[in-house]
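We did not get these values from a lab; they are worked out from the coordinates using the rules stated. Quick caveat, the model's predicted, so the values are computed rather than measured. Cβ sites come from the backbone with ideal geometry, for glycine too, and all protein chains shown count toward neighbours.
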Amino acid sequence: MVGGLTKVAGKDELAAGQSILVEVHGQKIAVFNTGDGYYAIDDTCSHRGGPLSQRQVDGCAVTCPWHGARFDVRTGNVLTPFGKDLATYKVVLEGEDIKIEV
């Protein structure tokens, strides 16, 4: 259901500092566990299209594996002088489930 919550993983599947790629309603989304919380942003780097889910999160930043563009996983904001801000998605924890709203 578009606009509703979709389970994307269990907490035990996403350790602190890790990321995963999920696809919800045809959208590729990177989900991160910063150790302080869970966050979801577009998986595709706005600079050159690299897959952000292939990288570990460093604090609250993820670096694109292709050309080094950095993004804040909490806000989707670009942290380098190249690239554009990314869409973010609401993350909800229900018991041991990680759900996102798309």
*Go ahead and run the numbers for FRET between K90 and D58, Cβ-Cβ distance against an R0 of 35 Å, rounding to 0.05.*
0.95
*With the contact rule set at Cα under 8 Å and sequence spacing of 6 or more, what percent relative contact order holds for the chain?*
29 percent
*asked:* Below 8 Å between Cα atoms, with a sequence gap of 6+, how large is the relative contact order for the range 8-68 in percent?
replied: 27 percent
*P(r) of the chain in 10 Å steps, Cα pairs, percent per bin?*
18, 53, 26, 3
_Surface/4 estimate of mean projected area, convex hull on alpha-carbon atoms of the range 1-59, nm²_ = 4.4 nm²
